[in-house]
Amino acid sequence: MNNLTNKDITPEILFNNRRKFIKLGVASIVVSSALLEVLAKEKLPIQDLIFNKDTNPNDLKINSFKEITSHNNFYEFTTNKERVKDLAKNMNTDSWILTINGLVENPIKIDVRELIKKYNLEERIYRFRCVEGWAMVAPWIGFELNKLIKDVKPLKSAKYVKFVTKYDEDMFPDQKRGIFSSVTYPYTEGLRMDEANNPLTLLAVGLYGKKLENQNGAPIRLVVPWKYGFKSIKSIDTITFVEEEPLNTWQAENSNEYGFYANVNPKVDHPRWSQKKERVLGSFFKQRTKLFNGYEKEVEHMYKDMDLKKYI
Ligand code: MTE
């Protein structure tokens, strides 16, 4: 992450003279040159969000906008990854109120548009690894969850953070199917307090310079890059601070296969498939999966006394 502050970015210039500035190359103030290249190639508008760019120090190869937005897991719509995009097209995420409650001094209900104004946004180019074996690199835009945590002031008794996706049968066709739904809704996830406070943990509101596409979890989702993708819950409705470890959706569905922690770990296979390798979207060959998805340095201290074969 670089050190640009909001003062370094002049919103009027960006909004009024965007085209001219892009021509002059000044758009690199907010959009890295690698991103610009892809945006130009895919004829994407550069819009919406003002953010501090990630300098991409590890030179990660970013997947295309098309790849990231055309292959999705969002069971509330369908289990067919290629169809999510179309089915989610008309999801209305205007006036989305996020509720933060539970064991906190300052519970709040806030419109996501206000939240976006409240916190400085930054780009985070992260590796993302699904438990199914596919992976990608995505340029998310958001803010560290720990900023929000600080503002709501958790009580000492708050040990975990629970996240719940919106329940709205008119919005999400699979929720309407009742006992025939693919999973039990609302989709729920959780993090331990130290995991939630880790600087890598992001509340994402954007992708590729603009607001999140519906299929990627608009208007606000979690991104926890060292954990399997199912922890990165989409379209969040409520964040609750709790004392007990929350039961997350996939653990509730099948606790032999999915746990609470879900840390990316090539040494612990899924009961039905190996986790040693992964296929990056758009690549033919598989690559080796890294412990904690390559974020070992940033997160291993949180698990030093834990048997990672037991706490899956
Ligand atoms: N969040 C909700 N509400 N519903 C889901 O089905 N799927 C999870 C996660 N978050 C899911 C969800 C899984 S399994 C993955 S791999 C990621 O979202 C996929 O995120 P992406 O579609 O943006 O790549």
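Taking the stated definitions as given, is PRO173 free of Cβ contacts under 8 Å to residues at least 60 places away in the same chain and within 15 Å of the ligand (Cβ to nearest atom)?
On the way: free of Cβ contacts under 8 Å to residues at least 60 places away in the same chain: no; within 15 Å of the ligand (Cβ to nearest atom): yes.
So PRO173 fails the test.
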Item to check | Residues of the range 263-291 classified as touching a strand residue (DSSP E or B) at 6+ places or on another chain (Cβ under 6 Å) and on the phi > 0 side of the Ramachandran plot, total | outcome: 0
Next on the checklist: Looking at the range 122-138 only, could you name the residues that are of a type in the set (Gly, Ala, Ser) and under 20 Å from TYR258 (Cβ atoms)?
Outcome noted: GLY133, ALA135
Checklist outcome for this item: Matching residues in the range 177-203 (charged (D, E, K, R) and without any contact (Cβ under 8 Å) to a residue 12 or more places away in the chain) number 1
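Answer with yes or no whether PHE241 is part of a strand (DSSP E or B), open to solvent by less than 50 Å² (accessible area, probe 1.4 Å) and more than 16 Å from the ligand (Cβ to nearest atom). Quick ask: steps written out before the conclusion?
Details: part of a strand (DSSP E or B): yes; open to solvent by less than 50 Å² (accessible area, probe 1.4 Å): yes; more than 16 Å from the ligand (Cβ to nearest atom): yes.
Judged against the criteria, PHE241 is a match.
Which one is least open to solvent (accessible area, probe 1.4 Å), of the residues in the range 143-202 that are assigned to a strand (DSSP E or B) and among the basic types (Lys, Arg)?
If we filter the range 143-202 for residues that are assigned to a strand (DSSP E or B), which is where we start, we get 143-144, 154, 160-165, 188-192, 202.
Then keep just the ones that are among the basic types (Lys, Arg); that gives 162, 192.
On the way: LYS162: 72, ARG192: 41 Å².
Of everything passing the filter in the range 143-202, ARG192 is least open to solvent (accessible area, probe 1.4 Å).
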Next on the checklist: Can you say whether TYR160 is over 13 Å from the mean Cα position of the chain (by Cα), within 13 Å of the ligand (Cβ to nearest atom) and either basic (Lys, Arg) or in the same structural domain as THR99 (by TED's automatic domain parsing) (or both), as far as the supplied structure shows?
Outcome noted: no
Checklist entry - open to solvent by 10 Å² or more (accessible area, probe 1.4 Å), under 12 Å from the mean Cα position of the chain (by Cα), of a type outside the set (Phe, Trp, Tyr) and more than 9 Å from the ligand (Cβ to nearest atom) - does that describe any residue in the range 207-225? => result yes
Checklist entry - What are the residues in the range 121-142 that are more than 10 Å from the ligand (Cβ to nearest atom) and either assigned to a strand (DSSP E or B) or not aliphatic (A, V, I, L, M) (or both), if any? => result GLU122, GLU123, ARG124, ILE125, TYR126, ARG127, GLY133, VAL137, PRO139, ILE141, GLY142
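The values are calculated or read from the model by the stated rules, or taken from the named source; none is laboratory data. The structure displayed is predicted, hence computed values, not measured ones. Quick reminder, even Gly has a Cβ in these numbers, built from the backbone with ideal geometry, and neighbours come from all protein chains shown. Heads up: the accessible areas ignore ligands, DNA and RNA and are worked out on the full protein's heavy atoms, side chains in. Shrake-Rupley method; radii C 1.70, N 1.55, O 1.52, S 1.80 Å.
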